[in-house]
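What follows is a set of notes on a single structure, which appears directly below.
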Amino acid sequence: MPAHPDSLLLHSFRGRFWLALLASLLLVTPCVWHRRIEAGDLGSHTYNAWLAQLIEKGQAPGLLTVRQWDNVLVDLALFRATRTFGFAAGEKIVVAACALLFFWSVFAFVAAVSGRAPWLLAPAIAMLSYGYAFNLGFLNYCVSLGLACAGLALIWQGHAAANWLACAALTFFAMLAHPIGLLFLLGMVAYRFSREMLPDRMKWIVPLAAISGFAVLRLVLMYQHAWQVDWTREEPFYFYSGADQLIVYGERYATLSLAAVLFGVACFVAGLAFRRKQPLSGNFFLALELYGVAFFAIALLPENLRPSAASGWIGLLVSRLTVVTAIFGLCVLASLRPRIWQFAGFSVLALVFFSFLYADTGWLNRLESNAESALAALPPGTRVVPTIVPPRDWRAQFIGHLADRACIGRCFAYSNYEPPTAQFRVRVSPQGSPLVTNSNDDSEDMAGGDYEVQDTDPPLKQLYQCDLHDLTKLCLHDLQPGETTGAHILHLP
């Protein structure tokens with residue numbers, strides 16, 4: 001019988017406080033190793049925290065903040081922290097807290113499912129904490145999954161009233177962060193306790209029902225016409241295993257990801273081969289079952305959804321959900337009693353991964369420094385349309401949002417996508433705003449190079465890369481009516 005998760009975690013940390021502290025300090029290093037944290041959409045969220053402060057002061061005509069109950073937790077934290085500590089320090093505090101929350105929550109969930117604390121898998125959890133979803137800047141999503149894992153860890157094996165109350169509180173905050181974390185938590189609770197209610201010979205019904213449900217959802221989405229659905233995927237099917245979370249920027253990450261997959265398979269095979277005739281535990285079979293269900297569920301889901309023509313896309317759904325598969329994969333490995341050589345192997349992989357990350361985020365820091373220099377000479381209140389593209393082999397595409405952050409206190413990112421989507425806290429009023437476009441489609445076209453400047457647009461400056469041999473070099477251009485924003489976008493070889 002596995003230990004109660006409370007006692008398991010307390011036992012795991014007993015006498016290991018300094019180890020946990022050291023792990024936490026190492027984990028937040030990527031948040032402070034450069035002047036700025038480069039994580040895709042993070043720049044947009046920090047910029048909109050600044051807009052929210054302007055709205056509070058009455059200095060952002062046509063913009064307003066609304067009260068909403070999802071996709072807002074990190075935005076509220078950024079608003080409070082940047083107002084109190086300034087933008088540089090406040091952003092670092094919030095992002096470091098997000099990384100710590102995700103790491104230790106996944107650690108606790110893996111411990112609860114496997115029956116043992118996954119100290120030897122800590123490097124793998126650290127890589128996942130700073131994987132593709134993080135580097136896209138989907139921090140609300142990452143926090144929601146972290147809160148869901150923490151809540152599940154509390155109630156996985158024990159049903160004390162205090163645990164359920166704490167889980168309920170975490171469920172509320174997961175809802176504030178992102179709907180996917182809330183759905184994951186509720187779905188796992190239903191899955192876990194439906195399974196417990198059935199006799200052993202009938203437990204197969206639960207995973208079959210779960211996979212069938214996703215298959216039905218796929219059919220519904222394929223044959224309905226109310227929503228726009230995009231099934232396009234370029235990655236091979238084995239990426240659904242969670243391996244794609246290590247592929248962040250250039251092609252070298254794909255090689256690292258393949259090495260991590262092969263090493264994970266080796267750990268799995270070794271765990272089965274060297275269990276010394278000990279029977280496999282129920283924890284192992286449950287973790288393997290969850291991994292299989294997640295793999296098939298992700299294979300059945302679309303990559304992008306759009307509820308209506310006026311709303312924004314729910315994008316990169318599969319690409320971000322592979323985090324869940326990776327978490328279950330860690331549960332499987334932890335159930336097989338990891339060995340010290342596995343810790344050594346994952347440590348080497350983590351060292352390579354974070355070395356790559358340091359170099360690439362350093363390049364992005366140089367790019368943002370050049371953006372700040374280019375924008376510093378502009379008159380206050382200038383409207384800017386950034387059209388910054390990543391190197392061709394980069395998987396993370398949202399690097400242009402660093403120009404939004406570079407605008408803080410200087411200018412306004414007229415193509416800012418958050419207000420017109422009506423999915424975030426800062427929104428455009430029905431009458432429009434001189435500071436940002438009120439059309440989600442126009443925002444996408446501006447950034448993508450397909451927007452034709454209208455006579456009714458305010459004066460716009462385009463910030464673009466102007467040297468094919470140095471993509472960090474940026475220039476400004478006065479956009480004229482009839483001109484498209486794609487005229488100055490570099491066409492990379």
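The values are calculated or read from the model by the stated rules, or taken from the named source; none is laboratory data. Just so it is clear, the structure is predicted and the values come from calculations on it, not from any experiment. A quick note on method: Cβ atoms are made from the backbone with ideal geometry, for glycine too, and the neighbour counts reach across all protein chains shown. The accessibility values were calculated without ligands, DNA or RNA, using every heavy atom of the protein model including side chains. Shrake-Rupley method; radii C 1.70, N 1.55, O 1.52, S 1.80 Å.
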Would you mind giving the three semi-axes, in whole Å and largest first, of the ellipsoid equivalent to the chain according to its Cα gyration tensor? 41, 24, 22
What does the range 262-324 give for Rg and for Dmax, in Å, if only its C-alpha atoms count? 17.9, 60
Which aspartates and glutamates, if any, have their Cα less than 12 Å from the Cα of Lys92, not counting same-chain residues under 8 positions apart? Glu38
hull vol. (C-alpha, convex hull) per residue for the range 391-493, Å³ -> 116 Å³
Among all the aspartates and glutamates, which ones have a C-alpha under 12 Å from Lys473's C-alpha, if same-chain residues fewer than 8 places away are not counted? Glu368, Glu372
On the Cα set of the range 410-469, report Rg and Dmax in Å, please. 12.5, 43
If you take every DSSP beta bridge whose two residues both sit in the chain, what share of them, in percent to the nearest 5, is antiparallel? 65 percent
So, with a 1.4 angstrom probe, what is the percent of accessible area on the chain that is carbon and sulfur? 65 percent
How large is the direction-averaged shadow of the alpha-carbon convex hull of the range 136-204, in nm²? 5.1 nm²
Hey, can you find the accessible area per residue of the chain for me, probe 1.4 Å, expressed in square angstrom? 43 Å²
If all Cα-Cα distances of the range 31-70 are sorted into 5 Å bins from 0 onward, what percent lands in each bin, rounded to whole numbers? 6, 20, 19, 21, 14, 12, 7, 1
Report the chymotrypsin sites (Phe, Trp or Tyr not before Pro) located in the range 231-328 that are in a DSSP loop and have at most 13 other Cβ atoms inside 10 Å of their Cβ, or state none. Trp231, Phe274
Could you please tell me the mean projected area of the C-alpha convex hull for the range 104-263, averaged over all directions and given in square nanometres to one decimal? 11.9 nm²
Kirkwood hydrodynamic radius, the range 33-128, all distinct C-alpha pairs: what's the number in Å? 15.4 Å
How big is the Rg/Rh ratio for the range 303-450, C-alpha atoms only, Rh by Kirkwood, two decimals? 1.09
May I ask you to give the average projected area over all directions of the convex hull of the Cα atoms of the range 387-440, in nm² rounded to one decimal? 4.5 nm²
Amide hydrogen neighbours beyond the local backbone of Leu460, cut-off 5 Å, H modeled: Leu479
Unit Cα scatterers, Debye sum, the range 241-379: log10 I(q)/I(0) for q = 0.15, 0.19, 0.22 Å⁻¹: -0.90, -1.15, -1.29
Alpha carbon centroid spacing (whole Å) that separates the range 460-493 from the range 94-138: 39 Å
Let me check against my output: what whole-number percent is the relative contact order of the chain, with C-alpha pairs under 8 Å and at least 6 apart? 19 percent
Equivalent ellipsoid semi-axes, the range 79-127, via Cα gyration tensor eigenvalues times 5, rooted, Å: 31, 10, 5
Diffing the range 84-94: the Karplus 3J(HN,Hα) column from phi (6.51, -1.76, 1.60, θ = phi - 60°), in whole Hz with x for Gly and Pro, holds 7, 10, x, 6, 5, 6, x, 4, 5, 4, 5
Per-residue ³J(HN,Hα) for the range 332-337, Karplus 6.51 cos²θ - 1.76 cosθ + 1.60, θ = phi - 60°, Hz, x for Gly and Pro: 4, 5, 5, 5, 9, 6
Calculated from DSSP helices alone, with each H run of at least 4 adding -39500 (n - 2.57) and the total divided by the residues of the chain, [θ]222 nm to the nearest 500 comes to -18500 deg cm²/dmol
Pull up all non-local amide H partners of Cys411: gap of 5 or more, or a different chain, and H-to-H distance under 5 Å with H placed in the peptide plane. Gly381
Relative packing of 212-218, 360-366, which averages over residues the other C-beta atoms within 10 Å, highest first: 360-366, 212-218
Checking rank on 105-113, 200-208, 346-354, with mean other Cβ inside 10 Å and highest first, the result is 105-113, 346-354, 200-208
Amide H of Arg339: which non-local residues (sequence gap of 5 or more, or other chain) have their own amide H closer than 5 Å, using H built in the peptide plane? none
Taking Rh as the Kirkwood radius computed over alpha-carbon pairs of the range 208-264 and applying Stokes-Einstein at 4 °C with viscosity 1.567 mPa s, one gets a diffusion coefficient in µm² s⁻¹ of 93 µm²/s
Spelling out what I want: for every residue of the range 72-83, take phi, set θ = phi - 60°, compute 6.51 cos²θ - 1.76 cosθ + 1.60 (Karplus), and round to whole Hz; glycine and proline get x. 9, 4, 5, 4, 5, 5, 5, 4, 5, 5, 5, 5
